[in-house]
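Inspection log for the structure reproduced underneath, given as structure tokens.
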2 protein chains.
Amino acid sequence: MKQAQRLYDIVNVVKEQGYMTIEELTKRYEVTPQTLRRDLNTLADKGKIKRHHGGAASIESSIENTPYQQRKAENQNAKLAIAKRVAQLIPNNASLFINIGTTNEIVAEQLLQHQGLTVVTNNIYAASILSQKQDFSVIIAGGEVRFQDGGIIGEATRDFIQQFRMDFSILGISGIESNGALLDFDFREVKVSQAMLAHAQHNILVADGSKFHRQAMVEQAHMSQINTFVCDREAPSELMSVMKQNDVRFIKI
Amino acid sequence: MKQAQRLYDIVNVVKEQGYMTIEELTKRYEVTPQTLRRDLNTLADKGKIKRHHGGAASIESSIENTPYQQRKAENQNAKLAIAKRVAQLIPNNASLFINIGTTNEIVAEQLLQHQGLTVVTNNIYAASILSQKQDFSVIIAGGEVRFQDGGIIGEATRDFIQQFRMDFSILGISGIESNGALLDFDFREVKVSQAMLAHAQHNILVADGSKFHRQAMVEQAHMSQINTFVCDREAPSELMSVMKQNDVRFIKI
DNA sequence: CATAAAATTTTCGTTTTCGAACATTTTCTA
DNA sequence: TAGAAAATGTTCGAAAACGAAAATTTTATG
């Protein structure tokens with residue numbers, strides 16, 4: 001195996017395992033420890049891994065690995081499927097709002113394939129992900145950062161959002177009642193979401209099936225304000241008829 | 001097989017395999033290594049593949065460093081030492097501004113030991129780190145997110161910052177001239193930093209020694225506006241005298 | 001805190017790969 | 001088909017990658 005190939009593989013294997021010793025890597029690539037050290041130092045210089053005595057560790061990109069991020073793992077498959085479907089709905093060069101929610105972070109990752117997007121968001125994780133692409137214009141709302149989930153919330157945030165008129169909004173929520181009420185836990189987030197709803201042409205609701213019977217406190221909006229609802233499950237029949245009445249396009253993956 | 005055909009095929013096979021050695025390609029096309037080298041160099045010039053010693057890799061599977069990642073890896077030890085010292089200067093329950101910069105992200109990590117801080121920042125990474133603590137109040141400025149480093153910049157950002165009056169500002173910069181001029185690369189960031197300087201009681205400058213002779217374009221501020229300067233090296237004597245004249249406390253780690 | 005063990009850096013010689021220059025063959029075109 | 005242009009092959013000094021051994025630093029342990 002050539003050096004370039006090995007370097008690439010080391011980055012992946014270290015990222016995957018979290019930590020690799022020189023010895024383990026020696027066995028894997030059948031080169032001397034000396035060569036491995038040179039490789040690891042090269043990669044550390046480039047900021048790809050973190051060098052330690054005896055081996056190397058992956059870099060936690062300061063925005064990952066927060067306790068909150070672990071919640072992202074729940075229902076991962078459903079969320080990924082939803083995210084991919086949502087990404088298909090968004091054309092290149094579109095402008096969109098993205099609000100808080102784990103599903104929305106995965107949506108952000110999927111949107112990296114697009115080009116020329118303009119995104120206004122109150123989700124610092126989504127902003128961080130999307131700002132990796134040079135041809136995206138990412139605008140983050142100002143305000144207080146909620147400690148659990150990196151959401152930016154409050155009245156100042158709502159005012160900020162209201163400056164914009166976007167093509168789409170992609171909204172995640174905490175709960176859905178069968179009568180079509182969309183619920184959240186935090187009234188400050190609700191204000192922001194309402195502003196996004198009011199200032200986007202086409203509103204896309206994303207939610208995995210676990211939201212159907214989840215209790216939440218604050219009424220955020222109503223299904224009648226939504227244009228498209230992407231979900232991984234069949235909705236309760238009462239909700240289905242509410243959607244039908246209001247011309248909501250329901251996409252089940 | 002003709003050259004054009006071969007070139008086309010090489011691109012595909014490299015993309016498919018991720019990496020191909022000269023030797024493998026020699027066998028595949030039955031030409032001399034020299035010819036393959038010419039081919040690979042041609043393709044690399046056109047940006048179709050990535051050339052390496054012994055072969056070539058596809059563009060995607062590149063281990064190239066983003067400039068930002070690299071900068072973060074540079075001087076890691078100095079930055080950590082500076083960050084720890086800065087954290088000591090900040091009392092519990094203080095309010096502070098934090099601006100852009102890799103050192104400031106490490107400062108944010110160190111501040112997690114504190115209690116009851118109120119932080120206003122235009123650095124999404126710092127915001128993300130600090131928002132992990134429930135007893136912190138983290139406020140992020142709104143505005144456009146710069147793709148290289150997650151900095152939030154611009155006039156709207158400055159206006160946002162100006163709403164606040166804080167105890168401290170922790171400022172990272174791009175360059176320091178010996179006459180005491182503090183420099184940055186981006187005028188949009190400069191506006192934000194100036195606002196922080198003007199609205200904090202006590203201004204702390206953080207910089208590792210590499211900043212002393214770095215050229216940067218925009219004058220951001222002057223050393224006379226700084227109260228405390230934390231650095232890992234001795235400053236040039238001219239700068240030392242400027243600091244003395246202006247009652248700047250210089251802390252060398 | 002002193003010592004040993006482990007890991008790392010440094011140095012140096014060997015092998016592999018590279019690139020430039022020139023020779024030869026193939027392809028194109030008038 | 002003659003001549004030019006492009007592609008390929010050959011040769012050789014330079015550069016890069018690698019392994020081995022010595023010198024140095026870091027870490028563990030009594």
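Here the simple spin-label model places points 7 Å from the Cα toward Cβ, and for B:His53 and A:Ala57 these points are separated by 3.0 nm. Of the residues A:Ala195, A:Ala57, A:Ala141, the one that moves most in a GNM of chain A with alpha-carbon contacts below 10 Å is A:Ala57. Note on A:Gln201 and A:Ala181: with the Förster distance fixed at 25 Å, the Cβ-Cβ geometry gives a FRET efficiency of about 0.60.
By DSSP, what percent of the beta bridges with both residues in the protein assembly as shown are antiparallel, rounded to the nearest 5? Around 45 percent antiparallel, to the nearest 5. Each copy carries A:Ala198; placing its label point 7 Å along the C-beta direction from Cα gives inter-copy distances of 3.2 nm, listed from smallest up. Think of the protein assembly as shown as a dipole: +1 on every Lys or Arg Cβ, -1 on every Asp or Glu Cβ, centred on the Cα centre; then among B:Gly47, A:Pro236, A:Ala181, B:Gly47 lies furthest on the positive end. Of all DSSP beta bridges confined to chain B, the antiparallel ones make up roughly 40%.
Within the listed set A:Val145, A:Val206, A:Val31, the Gaussian network model of chain A (springs between alpha-carbon atoms below 10 Å) gives the highest mean-square fluctuation for A:Val31. Rounded to the nearest 0.05, what FRET efficiency do A:Arg28 and B:Lys27 give with R0 = 25 Å and r taken as the Cβ-Cβ distance? Could you check? E between A:Arg28 and B:Lys27, to the nearest 0.05, is 0.50. Hey, for a label at B:Asn93 modelled as a point 7 Å past Cα toward Cβ, could you say which residues of the range B:136-150 have their backbone N under 15 Å away? Only B:136-137 pass the distance filter.
In this Cβ point-charge picture (+1 for Lys and Arg, -1 for Asp and Glu), the range B:68-252 has a dipole of about 300 debye about its Cα centre. Placing +1 on the Cβ of every Lys and Arg and -1 on the Cβ of every Asp and Glu, with no other charges, gives the protein assembly as shown a dipole of roughly 1200 debye about its Cα centre. Just checking the listed ones, A:Arg233, A:Arg51, A:Arg146: in the Gaussian network model of chain A with Cα springs under 10 Å, the one fluctuating most is A:Arg51. Summarising the amide proton neighbourhood of B:Ile139: residues at separation of 5 or more, or on other chains, whose placed amide H is nearer than 5 Å comprise A:Val145, B:Val119, B:Val120, B:Thr121. Only Cα pairs under 8 Å and at least 6 apart count here; give the relative contact order of chain A as a rounded whole percent. Reported relative contact order: 14 percent. Using only the Cα atoms of the range B:8-102, build the gyration tensor, take square roots of its eigenvalues as a ≥ b ≥ c, and label the shape rounded, prolate or oblate: rounded if a/c is under 1.5, else prolate if a/b is larger than b/c, else oblate. Taking the square roots of the gyration eigenvalues as a ≥ b ≥ c, the range B:8-102 is prolate. Plainly put, the tip 7 Å out from Cα toward Cβ on A:Phe185 is 3.9 nm from that tip on each other copy, the closest given first. Annotation: chain B has a Kirkwood hydrodynamic radius of 20.7 angstrom, from the mean reciprocal C-alpha pair distance.
Under a 5 Å amide H cut-off, with hydrogens placed 1.01 Å from N, B:Phe168 pairs with B:Ser95, B:Leu96, B:Phe97, B:Gln201, B:His202 among residues at least 5 apart or on other chains.
Is the range B:3-58 rounded, prolate or oblate when judged by the Cα gyration tensor, a ≥ b ≥ c being the square roots of its eigenvalues, rounded requiring a/c under 1.5 and prolate requiring a/b larger than b/c? Rounded shape, in that the Cα axes give a/c under 1.5. Placing +1 on the Cβ of every Lys and Arg and -1 on the Cβ of every Asp and Glu, with no other charges, gives the range A:3-58 a dipole of roughly 180 debye about its Cα centre. Normalising the average separation of contacting C-alpha pairs (under 8 angstrom, six or more residues apart) by the number of residues puts the relative contact order of the range B:3-58 at 43 percent.
Mind running the shape call on the range B:91-170? Use the C-alpha gyration tensor, a ≥ b ≥ c as the square roots of the eigenvalues: rounded below 1.5 for a/c, prolate if a/b tops b/c, oblate otherwise.
Oblate, since a/c reaches 1.5 and b/c is not below a/b.
Between the residues A:Ser169, A:Val107, A:Phe212, the greatest Cα displacement towards the positive end of the dipole of chain A, with unit charges on the Cβ of Lys, Arg, Asp and Glu, is found for A:Val107.
For A:Ile59, the residues whose modelled amide H falls within less than 5 Å of its own, excluding neighbours fewer than 5 places apart on the same chain, are A:Lys50. Taking the label point 7 Å along Cα→Cβ, A:Arg38 and its counterparts in the other copies are spaced 3.0 nm apart, in ascending order. Checking the Cα-Cα distances for B:Lys72/B:Lys211; B:Lys84/B:Lys244; B:Lys84/B:Lys133; A:Lys133/B:Lys133; A:Lys2/B:Lys27; A:Lys191/A:Lys252 against a 20 Å cut-off, the pairs over it are B:Lys84/B:Lys244; A:Lys133/B:Lys133; A:Lys191/A:Lys252.
Where a number appears in this text, it was derived from the coordinates with a stated rule and is not lab data. Just so it is clear, the structure is predicted and the values come from calculations on it, not from any experiment. Using ideal geometry, Cβ is built from the backbone for each residue, glycine included, and neighbour counts are taken over all protein chains shown.
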